[in-house]
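Asker: Got a structure for you, written out below as structure tokens; questions coming shortly.
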Amino acid sequence: MDLATRLYLGQTLLDAPVLSSADDALRWVLAMPDTHLRTPAVRCFDEFVTLWTKRFAQRYPSGLSIRTNKRISLQYRAASGAFTIDVHGPHEQYLDVSGLTKQLDVLRTLVEDCTAELDGFSRFVGRKPNLRNSVVAAGLLPPDIWQQSGSAAIDDFRRQVETALGAQGRASTTAQMIFEMAGFEVATSGKIPTAAAEELGRALDVIDVALEPDPRYGSSVPRADEQVFIFRAANGGPVDPSRPAFRAARTQVEVAVLAAGSDGDACYEELQRTIGRIRATPDLSGVEQARLIAFAVTTFNSPPKQARVFRKLQEVGEAERRAIADAAVAVVGGGASIDIGEVKFLERLHKSLGLPSEAVYQSLHRAAAERVDEPVSISEEARAAGIPIPKDPAKPAEQIGGAGIKIDAAKLARTRRETEAVAGLLSDIFSEDVAEPSPPKPDAKIAWGGLDRPYTELVQLLEQRGSMPRSEFDRHARDIGLLPDGAIERINDWSFDRFDDALIEDGDDVVLAPHLRGRLSEMKDRAA
């Protein structure tokens, strides 16, 4: 050990044989010639020192005790070797730490532990040194030191995300926008690596914001142009993706989306029924329900591959199989009519789950909308001529149009559907205490002044969804008595008057401009 460090430590321990300073402890261990720092500690030395200070205080809150009675003794030896004399002075009262090994061993262990914690951060900085001070890099640091390292990047990221979230604490946008906020480089192909998605999730954890879909909790990685949801949640809303109730509910959502799209058009009402089932599931926490609802919305916009989902079904238990089948039937059977493609999908699903095909029709009867003496319309007005629909409840089920689908009118009259439409679909989906959705305000013009109620309803729908196929938008517009093109023009005229920008981007999909979501939320908050 060099003499300066030896004297400094000896003088520091003069009053009490306790090393209370993390800096002094690090000075001691680094002064030893046989101490060698590995690459993470050398490359990221500032972060290493910050982490060392934290860990030393945690392990030795009262300081590191130094047990020795040896005092510093110095001698001067002539260069010729002819004589040696003792050097006297105050140092003779100082404790001599140069011969201690036990305390050095624990300090070296602490050095190694801190170095290991910085491995991920060090590798990232080594590959991308220009992103050292980015939020991406900060997310790789141990959670308890991120505020001291890369805090400027974290603060900037938080400001951008908070603007997107608005006062309501939730937002829908594209994956690319969130990645760019965090400083990630998004490939022109639009493909996002799983490792990058997980790094973004950790960065959002740091600012108490959850992301869905999140590959850490069972979702697939979105493409850059696909929809994502972000919402406020402590520590990023962590859940256990392997918990049976959560895992089963996620699978049910995927199957329900496939069922809804089996007729070629997954509609908004089917999304409502899926969310209604999530809300009605008793064994889910608030954050689990929030993640599943956000997952349902994004999955409806980007359905999974049927083959992948069906492969997963081979791994579920008997009770889960019945629940998955019920979820698919509830989505399809809650509507006013059932398409033949939907029934065929349910038959394939039941076969894949090992359930009898007869259960499809029994379940459809239970899930059908309540009507008096009226059967479910299987394919709207596509009935074979000359074959009457049975009206007598006492008669047995008859076959419709040669399609092989049996309808029992008596059962339909005695049952009611399992899932009701969810009013105010996303108005409170991210609250910890999941309550019944409150009815909408009687006059929607209060929130967005100058926009008549039918147009406001379209904007609210787009705000919830983020985007939707043009065909679906057209259908919703006509349902409330508007011409689709005229509605887009009227809404954008209103938007230009207030934001100097178009609110709706028209194309194959109708998209709500992501950068204006916060402005809409602010208007609603002021009107509340």
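Asker: List every residue pair whose Cβ atoms lie under 8 Å apart, where the two residues are 6 or more positions apart in sequence or sit on different chains, the first residue falls within the stretch 469-484 and is in the same structural domain as Glu457 (by TED's automatic domain parsing), and the second residue, located anywhere, is of a type in the set (Ser, Thr, Tyr) and in a helix (DSSP H, G or I).
Answerer: Close Cβ pairs (under 8 Å, with a partner that is of a type in the set (Ser, Thr, Tyr) and in a helix (DSSP H, G or I)) amount to Glu472/Tyr268; His476/Tyr268; Leu482/Tyr455.
Asker: Output the residues belonging to the stretch 28-55 that are surrounded by 15 or more Cβ atoms within 10 Å (Cβ to Cβ) and either in contact with a strand residue (DSSP E or B) (Cβ under 8 Å, 6 or more places away or on another chain) or farther than 21 Å from Asp119 by Cα (or both).
Answerer: Passing the criteria: Trp28, Ala31, Met32.
Asker: Out of (1) modelled with pLDDT of 50 or more; (2) under 28 Å from Gly286 (Cα atoms), what's the single condition that is false for Gly424?
Answerer: Only one criterion in (1) modelled with pLDDT of 50 or more; (2) under 28 Å from Gly286 (Cα atoms) is unmet by Gly424, namely (1).
Asker: Next question, about the same structure. What pairs come out if I take residues in the stretch 30-47 that are over 14 Å from Asp105 (Cα atoms) and modelled with pLDDT of 90 or more and pair them with residues that are acidic (Asp, Glu) and surrounded by 14 or more Cβ atoms within 10 Å (Cβ to Cβ) whose C-beta lies under 7 Å away, six or more apart or interchain?
Answerer: Listed by first residue and then by second, the contacts come to Pro40/Asp119.
Asker: With the checklist (1) at pLDDT below 75; (2) surrounded by fewer than 19 Cβ atoms within 10 Å (Cβ to Cβ) in hand, flag the one item Ser262 doesn't pass.
Answerer: Every condition holds for Ser262 apart from (2).
Asker: Right, next: Keeping to the stretch 70-117, report how many residues are under 30 Å from Asp46 (Cβ atoms) and among the acidic types (Asp, Glu).
Answerer: Residues meeting the conditions: 4.
Asker: Across the stretch 56-91, which residue is surrounded by the fewest Cβ atoms within 10 Å (Cβ to Cβ) among those that are in a helix (DSSP H, G or I) and either outside the structural domain of Gly10 (by TED's automatic domain parsing) or in contact with a Leu (Cβ under 8 Å, 6 or more places away or on another chain) (or both)?
Answerer: By that ranking, first place goes to Arg59.
Asker: Inside the stretch 163-246, counting only strands (runs of 3 or more DSSP E) that do not spill past its ends, which hold 2 or more residues that are under 19 Å from Ala296 (Cβ atoms) and in the same structural domain as Glu288 (by TED's automatic domain parsing)?
Answerer: Once the strands (runs of 3 or more DSSP E) in the stretch 163-246 are filtered for at least 2 residues that are under 19 Å from Ala296 (Cβ atoms) and in the same structural domain as Glu288 (by TED's automatic domain parsing), nothing remains.
Asker: So, in the stretch 164-186, of the ones that are surrounded by fewer than 16 Cβ atoms within 10 Å (Cβ to Cβ) and not small (Gly, Ala, Ser), which residue ends up farthest from the chain's Cα centre (by Cα)?
Answerer: Going through the qualifying residues, I end up with Glu185.
Asker: Can Val297 be described as at pLDDT below 70, of a type in the set (Val, Ile, Thr) and surrounded by 18 or more Cβ atoms within 10 Å (Cβ to Cβ)?
Answerer: Spelling it out, it is not the case that Val297 is at pLDDT below 70, of a type in the set (Val, Ile, Thr) and surrounded by 18 or more Cβ atoms within 10 Å (Cβ to Cβ).
Asker: Determine whether the stretch 275-286 contains at least one residue that is under 16 Å from the mean Cα position of the chain (by Cα), on the phi < 0 side of the Ramachandran plot, surrounded by 24 or more Cβ atoms within 10 Å (Cβ to Cβ) and among the hydrophobic types (A, V, I, L, M, F, W, C).
Answerer: no
Asker: Next up: Would you be able to say whether some residue in the stretch 136-157 is in contact with a Pro (Cβ under 9 Å, 6 or more places away or on another chain) and modelled with pLDDT of 80 or more?
Answerer: The answer is no; no qualifying residue exists.
Asker: Go through the residues of the stretch 112-121 one by one and say whether even a single one is farther than 23 Å from Pro33 by Cβ, outside the structural domain of Leu204 (by TED's automatic domain parsing) and under 24 Å from the mean Cα position of the chain (by Cα).
Answerer: Yes: one or more hits.
Asker: Shifting gears a bit: Quick one: is Ser189 crowded, with 22+ Cβ neighbours inside 10 Å and of a type in the set (Ser, Thr, Tyr)?
Answerer: Here the answer is no, as Ser189 does not meet what is asked.
Asker: A further question follows. Filter the stretch 95-134 for residues that are β-branched (Val, Ile, Thr) and part of a helix (DSSP H, G or I) and give the result.
Answerer: Val106, Thr109, Val111, Thr115, Val125
Asker: Identify all residues within the stretch 500-520 that are part of a helix (DSSP H, G or I) and either surrounded by 15 or more Cβ atoms within 10 Å (Cβ to Cβ) or modelled with pLDDT of 85 or more (or both); write none if there are none.
Answerer: Pro514, Leu516, Arg517, Gly518, Arg519, Leu520
The values are calculated or read from the model by the stated rules, or taken from the named source; none is laboratory data. Keep in mind the model is a prediction, meaning the values are calculated, not measured. Glycine also receives a Cβ, built like all others from the backbone with ideal geometry; neighbour counts cover every protein chain displayed.
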